[in-house]
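To start, the structure under review is shown below, and the notes come after it.
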Amino acid sequence: MSPAHDRPADLLEQALALRDDWLGRALSTEPADRPAAEAAITGLYRLVGAPPPRFVWVPSPGAAIGHLDDERIDVRNLPPRGEGPLPVRLADRMMELRHRLRGRFTRRMSLAPPGTGRREDPRAALRRRVPLDDVLHPVLGEAVRATVHENVGGPLRAEFAQAGGAFTWYGQHDAGWLTAFDVRCRVGLLRTSDAEDAELGRWVAVARSCGWWWPRDGTCVVAERPVEVHTEPVPGSALGVRRLHHGDGLAVRYSDGWGVHSWHGTRVPDWVMTDPTPERIRQTANVEVRRCAIERIGWDAYIDQAGLTLVNTASDPGNPGCELRLYSLPPSLLAAPARVLLAVNGSVERDGRRRRYGLSVPGDIDDPVAAAGWSYGLTAAQYARLQRRT
């Protein structure tokens with residue numbers, strides 16, 4: 001396919017369709033294509049001079065930990081390129097390929113100010129005559145990376161590391177970097193040699209056929225895909241970015257029960273979903289986890305269940321039209337600080353709503369305005385003079 005005979009709008013539509021196909025593979029819950037995965041991984045082994053491995057299939061990344069050695073890679077003291085353990089040699093090879101291919105299309109990108117056209121609908125950006133390469137950069141790079149590598153893969157990586165997991169490739173979640181190259185090749189905007197095309201094809205085949213994988217000398221451990229993945233659109237994202245969310249169980253679940261809970265994109269412990277009690281919320285140091293747990297209950301229900309007593313209310317001078325509500329904790333929950341200020345976010349969320357949030361404040365503050373000022377390091381009088389807070 002040659003871009004010379006296609007209008008930029010046609011090429012963009014082709015790229016968007018292929019991007020969506022990649023996102024579907026990255027979030028797929030279908031069983032792995034084991035023959036395709038093993039053939040592609042064997043091909044990658046051969047590229048670095050290694051014989052075909054023995055394959056060990058596991059139901060989840062969590063299950064892989066028991067099959068891995070204790071090999072740790074010291075990134076501060078890596079051997080020369082092409083040497084060292086098999087995972088390092090594969091990583092060197094992959095990074096060299098990425099560097100070469102990326103240089104071919106980034107050189108064509110314009111010198112427009114950073115961010116030009118990057119946060120708007122790609123079709124609208126193209127109508128404004130933003131160059132096609134500039135439009136494709138966020139569509140094929142940022143959008144897929146944000147969804148797959150950060151919003152889905154990120155919580156799984158944190159869960160895996162917490163369980164003691166080591167160096168891995170992410171299989172279907174490598175779509176975050178592969179999409180930009182594969183789609184450009186398929187619509188004729190990136191030229192590769194036969195050798196480069198074959199090498200890229202092996203990485204693509206692995207990502208489109210299985211879950212995470214761990215290459216070792218003589219053995220390769222490969223995980224199945226998850227059996228459930230629950231996502232929602234990131235509010236206001238013109239690029240179609242998604243994030244993990246499930247209010248009734250694991251947001252990502254593998255067949256052996258391993259996975260992660262997520263509340264509107266925030267990784268949370270299981271109790272936030274199964275038993276979010278006021279006592280657990282009070283004992284949680286992580287502010288984001290506390291917020292998610294309270295939102296899971298609902299602020300009105302939480303105030304009732306926690307036995308919070310309304311101390312005072314006031315109009316919020318830093319957020320016109322909104323109210324500040326100051327509550328005291330019941331004696332059974334007394335701990336410094338002993339009061340909670342319920343406020344409304346000064347900025348509108350991308351879905352058009354304003355989020356309520358609670359702030360812990362000292363127990364000797366009786367004025368909601370003074371409590372709001374204290375949270376900003378201001379006096380009540382200083383806060384009252386604010387035109388608008390964020």
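The values are calculated or read from the model by the stated rules, or taken from the named source; none is laboratory data. Fair warning: this is a prediction, and the values are worked out from it, not measured in the lab. Quick reminder, even Gly has a Cβ in these numbers, built from the backbone with ideal geometry, and neighbours come from all protein chains shown. For the accessible areas, the whole protein counts, side chains as well, though only heavy atoms, and no ligand, DNA or RNA atoms are used. Shrake-Rupley method; radii C 1.70, N 1.55, O 1.52, S 1.80 Å.
Below is a table of values for the structure above.
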{"quantity": "For residue 217: the one exception among (1) open to solvent by 40 Å² or more (accessible area, probe 1.4 Å); (2) touching a helix residue (DSSP H, G or I) at 6+ places or on another chain (Cβ under 9 Å); (3) not assigned by TED's automatic domain parsing to the domain that holds residue 104", "calculated": "(3)"}
{"quantity": "Residue check, residue 46 over 30 Å from residue 139 (Cα atoms), at pLDDT 95 or above and either surrounded by fewer than 18 Cβ atoms within 10 Å (Cβ to Cβ) or touching a strand residue (DSSP E or B) at 6+ places or on another chain (Cβ under 6 Å) (or both)", "calculated": "yes"}
{"quantity": "Evaluation of residue 343 against (1) within 32 Å of the chain's Cα centre (by Cα); (2) modelled with pLDDT of 80 or more; (3) in a loop (DSSP other than H, G, I, E, B) (one fails), failing number", "calculated": "(3)"}
{"quantity": "Close pairs (7 angstrom Cβ cut-off, 6 or more residues apart or separate chains): in the same structural domain as residue 361 (by TED's automatic domain parsing) and under 14 Å from residue 385 (Cβ atoms) in the range 309-328, surrounded by fewer than 17 Cβ atoms within 10 Å (Cβ to Cβ) and modelled with pLDDT of 95 or more anywhere", "calculated": "none"}
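One line per residue, one yes/no per condition, for (1) among the polar types (S, T, N, Q); (2) open to solvent by 20 Å² or more (accessible area, probe 1.4 Å); (3) out of contact with any Lys or Arg (no Cβ under 6 Å at 6 or more places or on another chain); (4) over 17 Å from residue 42 (Cα atoms):
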{"position": "152", "(1), (2), (3), (4)": "no, no, yes, yes"}
{"position": "175", "(1), (2), (3), (4)": "no, no, yes, yes"}
{"position": "191", "(1), (2), (3), (4)": "no, yes, yes, yes"}
{"position": "194", "(1), (2), (3), (4)": "no, yes, yes, yes"}
{"position": "210", "(1), (2), (3), (4)": "no, no, yes, no"}
{"position": "222", "(1), (2), (3), (4)": "no, no, yes, no"}
{"position": "231", "(1), (2), (3), (4)": "yes, yes, no, yes"}
